[in-house]
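Working notes, beginning with the structure itself.
The values are calculated or read from the model by the stated rules, or taken from the named source; none is laboratory data. These numbers were taken from a predicted model, which means no experiment stands behind them. Methodologically, a virtual Cβ is constructed for each residue, glycine included, from the backbone with ideal geometry; neighbour enumeration extends over all protein chains shown. Accessible surface is based on the protein model in full, side chains and every heavy atom, while ligands, DNA and RNA are left aside. Shrake-Rupley method; radii C 1.70, N 1.55, O 1.52, S 1.80 Å.
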Amino acid sequence: MKLRNLRRRTGGVIDRRGEGPAGGGLEGLPGFPTGGRGGGLPIPGGNRGGIGIGSIVLVLVLLFVVPRCLGSAGSLIPNPGAVEGFPDVGSGRGGTAEVDPTDPTGQFVGAVVNDIQTTWEEEFQRAGRPYEPTQVVLYRGTTRTSCGLGTAETGPFYCPLDRRVYLDASFFRVLEQRFGASGDFAQAYVIAHEIGHHIQTLLGISEQVGQASQRDPSRRNELSIRQELQADCLAGVWAHSADVRGILEPGDLEEGIGAAAAVGDDRIQASVNGRIEPESWTHGSAEQRASWFRRGFETGNPNACDTFSVSADQL
């Protein structure tokens, strides 16, 4: 990946890696107006096998975990053992340290985050809506968030309550050593997936999915899978933009697809339990995750990421 070609902006990363252990806390989808390239950002849904929320379209949703309750955080990997039951700590907005300009990890994350957000800002502008930037909080071990105590074991996650992404950068090593997904574009995919959750929050989709899950708990896993696959597709939309701008190098796309597949429910279950149990899936199979990431990459259009209007056998 040609990092020098990534577009720059400021304020995308907060570095808490120098802080000590932290306490934790407890832990919306109006469509866009039609317009812009390919119909703009709306991603129309309808009732073709969708979740049937009337005129409100459910499409872009939280990226990497099962919602445990309305407003819960999303993690990159299935069932990461998210922390629950911690006392409320408010907004979780403490810590504003900027990244050391000599720190390669922080600089890499910052460059990728800012390019991804510039891409989505353009998409929102085409749709006639303002974009609210998120921030990626880099931490080591544990950190406090409005969604509870963030831990390295949880994996990367997005907290819709403070609208931030949380990342213990040691996950990149885990991604390579445990999941077999190496390369800088595999790491960029992780970040793009989490920022996809932010996009879904801005559109109100995560809230709608949470409400639908509460109305019909039997659909919780199904809705979570559709949500996660959509986030993978949104990551692919950014990858398309990066490719068009000459940022991708030979092998980068394969790294992204490999990373999406590596965190599939079936692969993780097989490696952890030695057996695959589709009825307990919350993120989708390796094949599904890779397929939706590729769909976003090939189309470059958020409207192609409507996982809620397709039947189960089309996921």
Given a 1.4 angstrom probe, I'd like the percentage of the accessible area of the range 145-193 that is carbon and sulfur, rounded to a whole number. 42
With label points set 7 Å from each Cα along the Cα-to-Cβ direction at ARG8 and SER271, the distance between them in nm comes to 3.6
So, by mean Cβ neighbours within 10 angstrom, what's the order for 206-218, 154-166, 109-121 with the highest one leading? 154-166, 109-121, 206-218
Remind me, what semi-axes does the range 210-296 give for its equivalent ellipsoid, largest first in whole Å, using sqrt of 5 times each Cα gyration tensor eigenvalue? 27, 18, 6
Starting from the 7 Å offset along Cα-to-Cβ, what nm value, one decimal, do you get for the label separation of GLU19 and VAL244? 3.7
FRET efficiency, 1/(1 + (r/R0)^6) with R0 30 Å, evaluated for GLN107 and VAL174 via beta carbons: 0.90
With just the Cα atoms defining each centre, how far is the range 98-167 from the range 220-236? Give it in Å. 19
Amide H contacts of VAL13 (H built 1.01 Å from N, under 5 Å, at least 5 apart or other chain): VAL136
For the range 98-174, what class follows from the C-alpha gyration tensor (a ≥ b ≥ c being the square roots of its eigenvalues): rounded when a/c is under 1.5, otherwise prolate if a/b is larger than b/c, else oblate? oblate
Label-point separation, ASP100 to GLU287 (7 Å along Cα→Cβ), nm: 4.7
